[in-house]
Amino acid sequence: MKNRMGKILCFLAVALLGAGWCVGEWRVRRMDLEMRNRLLRQVEHIAQALNPEMVRRLSFTSGDRGTPAFEFIRQQMTALGEHVTQRGIYSMGMGEGGLFFGPENYPQEDPMASPPGTKYEEPAQEVFESFAHGKSVTAGPYVDEYGTFISAFASVLDPRSKEVLMVVGMDLLAGDWKATLGAAR
């Protein structure tokens, strides 16, 4: 009788631990999805706030620096950046040979800053999906030349032709993301 009761208690303890682990994993997956959706909504809002006519004037080369279109969009991104918790808002254009950075809200002296026309050497594959289909996507964690990130990308579309003019990106450091999920677990 005593042996049987011990087995039942052991089984219940293992079942309780397993259920607790399952609930923790379910909570982490749910929180991960919520955080990705929030990041995606923020970058979509920013992309929709940008004037497509100004975006059309960008060449995504070093010659953009100081032009009225570049400065206008950079100032918009800086102002919009005041209302989000993410540190960086940046833009990319597709050109011959790959993706090139355009306006962003990083100060020039920031190590994450990329002067206009800088080639993005290791972009997440999801960026190309956003260019190809004009859809908003999240990516990560992925590693690029700047670090390890969870990112969201949204396209700025020409209102008439629906052509993708540029893609706006926002990043969160993957370490911060994982720490938030770990705390939720």
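Multiplying the sequence separation of GLN108 and MET31 by 0.36 nm and subtracting their Cα-Cα distance, what value in nm do you get?
Between GLN108 and MET31, full extension yields an extra 24.3 nm.
For ARG65, what accessible surface area do you get with a 1.4 Å probe? Give it in Å², rounded to 10.
Per-residue accessible area (ARG65): approximately 110 Å².
Counting other Cβ atoms within 10 Å, keep those with at most 11, restrict to DSSP loop, and tell me which GluC sites (Glu not before Pro) in region 36-115 are left.
Filter output for region 36-115: GLU82, GLU96, GLU109.
Calculate what fraction, in whole %, of the accessible area of region 37-185 sits on carbon and sulfur atoms when a 1.4 Å probe is rolled over the protein chains.
52 percent
Going through region 113-156, which GluC sites (Glu not before Pro) have at most 13 other Cβ atoms within 10 Å and a DSSP loop state?
For GluC sites (Glu not before Pro) across region 113-156 that sit outside H, G, I, E and B with at most 13 neighbouring Cβ atoms in 10 Å, the list reads GLU121, GLU145.
Rolling a 1.4 angstrom probe over the protein chains, ignoring ligands and nucleic acids, what is the accessible area of LEU33 in square angstrom, nearest 10?
Surface accessible to solvent at LEU33 totals approximately 100 Å².
Net charge within 14 Å of LEU50 by Cβ-Cβ distance, Lys/Arg positive one each and Asp/Glu negative one each, not counting LEU50 itself?
For residues surrounding LEU50, the net value is -2.
The values are calculated or read from the model by the stated rules, or taken from the named source; none is laboratory data. Everything numeric in this text was worked out from a predicted model, so none of it was measured. Here the Cβ is made from the backbone with ideal geometry for all residues, glycine too, and neighbour counts use every protein chain on show. Protein only, heavy atoms only, side chains kept; ligands, DNA and RNA dropped before computing areas. Shrake-Rupley method; radii C 1.70, N 1.55, O 1.52, S 1.80 Å.
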